[in-house]
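To start, the structure itself, in structure tokens.
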Amino acid sequence: MPDDHNQDDDRARASMTRGERIRAAARTLRTPRTASWIADETEVSVKTAQKYLDQLVEDNVLRKIEQGDQTLYCVDQLMATYREVAALQREHNREELTASLESMRTTITDWKTSYGVETPGELRASIADLDDPDEIAERREVASEWEHLVDRIPVVRAALTEYDWATERDALPA
């Protein structure tokens with residue numbers, strides 16, 4: 001079965017244009033990468049990769065970083081966050097965003113109480129005192145979810161803070 005999956009991936013990749021492959025790869029970058037690395041990953045020339053990567057920089061999707069004698073590309077986190085805030089404002093009303101924020105904070109408060117810790121790092125550190133593999137796995141999972149919520153809270157808060165301003169500007173003129 002694994003061979004079938006790889007063949008499906010290969011067929012999907014073959015149906016994409018060079019630009020589509022580069023854009024798809026660039027949007028998933030977790031760490032800054034060179035145009036050469038992206039070219040290898042997407043099976044295009046370095047010149048082609050640079051062309052599309054520079055377009056993504058102009059479109060504020062990627063950032064270009066000069067590091068020594070290398071040019072690296074990475075996701076523009078500020079612009080990605082702005083897009084995420086706008087999506088939240090368009091897809092949810094104020095009450096839904098408020099309820100989501102409240103739920104995230106309640107969940108974190110419950111974890112603090114349940115585990116007797118104040119941060120996900122403290123929860124991870126508490127694993128050293130455990131022998132039960134299930135409890136260790138549970139704490140790792142909770143710590144990971146906690147870190148995710150800590151990252152999400154400022155985004156949801158920003159969506160709420162600027163909700164009126166954004167919906168005013170997003171409304172179509174009559």
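Given R0 = 41 Å, the distance between the Cβ atoms of LEU29 and THR106 translates into a calculated FRET efficiency of 0.75. The magnitude of the dipole of the chain, with charges of +1 and -1 set on the Cβ of Lys/Arg and Asp/Glu and taken from the Cα centre, is near 940 debye. Packing-based ranking of 68-74, 57-63 yields 57-63, 68-74, ordered from highest to lowest mean Cβ neighbour count within 10 Å. The mean sequence distance of close C-alpha pairs (under 8 Å, at least 6 residues apart), as a share of the length of region 47-87, puts its relative contact order at 27 percent.
Put the Cα centre of region 17-46 next to the Cα centre of region 76-109 and the gap is 30 Å.
Two numbers describe the Cα atoms of region 113-168: Rg and Dmax, which are 16.3, 55 Å. Measuring nothing but how far apart in sequence close Cα pairs (under 8 Å, 6+ apart) lie, relative to its length, the chain scores a relative contact order of 18 percent. Residue separation of GLU96 and SER45 scaled by 0.36 nm, minus their Cα-Cα distance, works out to 13.7 nm of gained length.
Which residue, GLN89, ALA159, ASN60, has the largest displacement toward the positive end of the dipole of region 33-167 when charges sit on each Cβ (Lys, Arg +1; Asp, Glu -1)? Towards the positive end, the residue furthest out is ASN60. For THR113 and THR17, what does the FRET efficiency come to when R0 = 45 Å and r is the distance between their Cβ atoms, rounded to the nearest 0.05? So the FRET efficiency works out to roughly 0.30. At full extension, THR81 and ASP132 could sit 14.5 nm farther apart than now, given 0.36 nm per residue minus the alpha carbon distance. Global dimensions of the chain from alpha-carbon coordinates: Rg and Dmax equal 21.4, 65 Å. Ellipticity at 222 nm from helices only: DSSP H runs of n ≥ 4 in the chain, each -39500 (n - 2.57), divided by the residue count, give -23500 deg cm²/dmol.
Bear in mind these aren't lab numbers, they're just calculated from the coordinates by the rules spelled out. Bear in mind the structure is a predicted one, so any value in this text is a computation, not a measurement. A quick note on method: Cβ atoms are made from the backbone with ideal geometry, for glycine too, and the neighbour counts reach across all protein chains shown.
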